[in-house]
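The values are calculated or read from the model by the stated rules, or taken from the named source; none is laboratory data. Everything numeric in this text was worked out from a predicted model, so none of it was measured. FYI the Cβ positions are ideal-geometry reconstructions off the backbone, even for glycines, and counts take in every protein chain you see. Only protein heavy atoms, including side chains, enter the accessible area calculation; ligands, DNA and RNA are left aside. Shrake-Rupley method; radii C 1.70, N 1.55, O 1.52, S 1.80 Å.
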Amino acid sequence: MRGYGLSDKPQGLAAVDCIQLGEDITAAVAHAAAACGNSAKPLLVAHDWGAAVCWSWVCYAGGKDRVAGYCSL
């Protein structure tokens with residue numbers, strides 16, 4: 001999630017809407033898959049607010065076909 005930990009802080013509300021956060025997840029999953037070989041599917045693990053965003057991505061943005069599984073804490 002943008003702005004947490006050591007990540008860059010988002011500027012304005014548009015930088016943290018569900019569409020942008022979903023695009024961030026898509027990019028992270030694609031990067032992980034490419035790093036492990038494009039046939040590999042990463043396991044997506046999320047917590048707190050990130051869990052809600054990731055759940056939405058998996059269920060509604062076609063994410064279930066891009067990950068091996070999803071776990072939220």
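Once the Cα atoms are used to define both axes, helix 18-36 deviates from the longest principal axis of the chain by about 40 degrees.
Taking only protein heavy atoms and a 1.4 Å probe, the accessible area of the chain is 62% carbon and sulfur.
Distance between the pseudo-spin-label points of ALA28 and TYR4 (7 Å out from Cα toward the beta carbon): 0.7 nm.
For the chain, the list of chymotrypsin sites (Phe, Trp or Tyr not before Pro) that fall in a loop by DSSP and count at most 15 other C-beta atoms within 10 angstrom reads TYR4. Axis of helix 49-60 versus longest Cα principal axis of the chain: the two differ by about 50°, to the nearest ten degrees. Entry note, the chain: the mean residue ellipticity at 222 nm calculated from DSSP H runs of n ≥ 4, each adding -39500 (n - 2.57), is -14000 deg cm²/dmol after division by the residues and rounding to the nearest 500.
For the chain, the per residue solvent-accessible surface stands at 70 Å², with DNA, RNA and ligands left out and a 1.4 Å probe.
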